[in-house]
1. If the cut-off is a Cα-Cα distance under 18 Å, which lysines reach residue 149, setting aside same-chain residues fewer than 8 apart in sequence?
2. Using modelled amide H (1.01 Å from N, peptide plane; none on Pro or chain starts), what sits under 5 Å from the amide H of residue 622, excluding residues fewer than 5 places away?
3. What's the extension gain from residue 608 to residue 663 if we count 0.36 nm per residue and subtract their Cα-Cα distance?
4. At a 10 angstrom cut-off on C-beta neighbours, averaged per residue, how do the peptides 176-185, 515-524, 308-317 rank from highest to lowest?
5. Using unit Cβ charges (K, R positive; D, E negative) and no other charged atoms, how large, in debye to the nearest 20, is the dipole of the stretch 2-121 about its Cα centre?
6. What does a probe at residue 77 reach in the stretch 9-26, counting residues whose amide N is under 17 Å from the point 7 Å along Cα→Cβ?
7. Report, to two decimal places, the Cα Rg of the stretch 289-341 normalised by 2.2 N^0.38 Å (N = number of residues).
8. Take the alpha carbon gyration tensor of the stretch 532-677, find the square roots of its eigenvalues, order them as a ≥ b ≥ c, and report rounded if a/c is under 1.5; if not, report prolate when a/b exceeds b/c, else oblate.
Amino acid sequence: MEQQETTQALGDAERKVLAAVCDTVIPAIEREPDPHGFWGRSATDMGVQLGVQQLIEGIPDPVLRSGLVQLLDAIGAQGILRAPSQESREQILRNIGLSGPEAGAGVAAMIGMTLFIAYGAPDAQTGQNLNWEVLEYPGPISPPPEAPKTLDVHRPAGDEEIEADVCIVGSGAGGSVVAATLAERGLDVVVLEAAGYFNESDFAQLEFKAYQEMYWRGGPTPTADGNVSLVAGTTLGGGTTINWTNCLRTKPWVREQWAREHGLEGLDGPDFDRHLDAVWQRLGVTDTCSDLNGPQQRMAEGCEALGWSFARITRNVDPDSYDPKQAAYMGFGDQSGSKRSADRTWLADAQAHGATLIADCRATKVVVEGGRAAGVEAVSGWQDPAGRTARVTVRAPRVVVAAGSLESPALLLRSGIGGPATGNHLRLHPCTAVFGIYGEDQRAWWGPPQAALCDEFSNTDDGYGLLVETAQYAPGLIGSATPWISGADHKERMTQFRFGGTFIGLTRDRGHGSVVLDANGEGMPQYSVTDELDLGNLRQGVEAQIRLHEAGGAHTITPLAGGAPTWRRGDDLDAFIAGAVRIPYRVGGYRLFSAHQMGTCRMGPDPQTSVADPRGELHDTKGVWIADASAFPTSSGTNPMITIMALARRTADAIAEDAGATAPAERKADREVTVGN
Ligand SMILES: Cc1cc2nc3c(=O)[nH]c(=O)nc-3n(C[C@H](O)[C@H](O)[C@H](O)COP(=O)(O)OP(=O)(O)OC[C@H]3O[C@@H](n4cnc5c(N)ncnc54)[C@H](O)[C@@H]3O)c2cc1C
């Protein structure tokens, strides 16, 4: 605690050093013409250092935070404030970065935070960012519409104890489907969601606001080893509220593997087709709302030129309200309301059948009595005038854990259940990204984030392989993901950005990482790529992206990786690829990222290597079920939402059978809620 107090705020000297670091990353450079004032504007001209200071001071881990403060002291001691030129300041950053792996990660983090704020943070008055002009990024195109919240979310007004048949932890892709399926069978269902309820009236089309309100730990968060940047939804509806509506059915070879090697009976046959079909139908998946933006069009052309397999992606969108301009902001919440996310489908169904939804209420522990589930303890975001939070206890003989693959294992570990495999087998679909620059504006910020798919390499080796897709335009993320070599070089790259398109290579990983608990009882993910097959597929993914850009007409290509070379038309492509694939796939090399976390409480027959049995119930604790992506026996190899939902529906059937609730039933009378201290 004392350490926290001494290192929480930056001192005067550290603030001055931080400002110098920010201005080294984004210096004012004299350049004519400079119609947007972009070249002449330094980071501190925009107040970027204040944002970075806030980010550093807000880092919850005191060790990480004080590490960055010490790094600022070290940069100060190297004389950055007295350095005579931009070149010498850049050299100081480089020297410190090369002095050791921790310093290297720290310098990279400071550069990343500076770029993230400089290109992502909107001005409080205008809602715009001055740097967006040079990107020709329009920023928000419409204010949040007036849209009533259609779900009735219960807010505890004090400590509460609730009786239910089933308590579901997490309202995302998996939890919402189980809630609907079980409520429709007449069971009393309570859903606890740690995060808030946001709908169209809250969606401002702003990256930072979305991260703060609706993303796990406030936006892209590195694994403990710094190797992979993680993004996950944390809001009512979970990932479905902010995801990109790419709907892909589970691949046959994955279904066979899960049935054959992991004991998931029926996965490879019509029984699972039934679940996939039901999910497809409820989400209204359609192929009529998949307009291609510039980079996606270039991918299509690249595939055609190379003779590679290309598909337009099907999406869970209502064609009547679909608007490609609005769809561009999908990852910040969908203002048009056309996305058929969990709140508009499964959670609405659950509520129509009497389920109680409690948002801002974080499960801390699964209660176990006599070796089986007895309920869940949770803490509500509600506070009394003295700042005391409310405790919510749900007494239920069945608990469904669906808090996402980063939080579900943490909940089990805190509860002392799940067995030795809990938290192991973290799969991430690690992604690389490669940027190509074309002859004209690509308007990459327009249209659905993912409408194009190259699946030529989806099964290159025993069911493992990769997909090439695109990602949503997010200016802060773009600024920070663009490699920084020097202040001038980075500015130059950003002036070219509007002509560019980014592809991602999404790898079906065979190797895995883990989630363990840190000293505060919070989940700490770690992941490094060591499996030879995965390394081969990551390399193949980089090569495929480069070849697609080249065939699509790019004149310049750069992988988003530290120390990456740049290819210009006329250069030897094969030699460039040979160099690009050799860059390490970890911190300091490729900026790996993951929006798909899976497998940390996986299903399988063996209690030593899996957490839940092939129906979804814990091996070691009857009445506790797993129903999110953490139940996947291996990674799915496709964007996982459809598979998560279909598998959750299968698990819900098993829970209903276990509870003797096999047929649709009338809505039950309102449950009793005890309010106390
Ligand atoms: C930016 C982005 C884009 C994506 N695009 C696509 C796409 O186009 N197609 C696709 O198939 N997939 C996509 N995904 C992935 C997909 O959305 C996720 O894989 C999916 O939502 C995971 O489902 P889940 O049920 O495992 O967990 P989630 O949907 O993440 O739900 C878990 C919920 O549990 C809550 N929770 C956590 N801890 C607790 C606790 N202790 N108590 C109570 N509640 C808790 C969380 O707040 C969260 O709301 C995307 C993901 C992201 C981040």
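1. 339
2. 373
3. Gain in length upon complete extension: 16.3 nm.
4. Details: 176-185: 28.2, 515-524: 16.3, 308-317: 20.6.
With the highest mean Cβ count within 10 Å placed first, the list reads 176-185, 308-317, 515-524.
5. The dipole magnitude comes to about 180 debye.
6. It comes to 11, 13-15, 17-18, nothing else.
7. 1.32
8. prolate
Every read-out reported here was derived from the displayed coordinates using simple, explicitly stated rules and does not represent laboratory data. If you're wondering where the values come from, they're calculated on a predicted model, not measured in any experiment. Backbone-built Cβ (ideal geometry, glycine too); neighbour counts: all protein chains shown.
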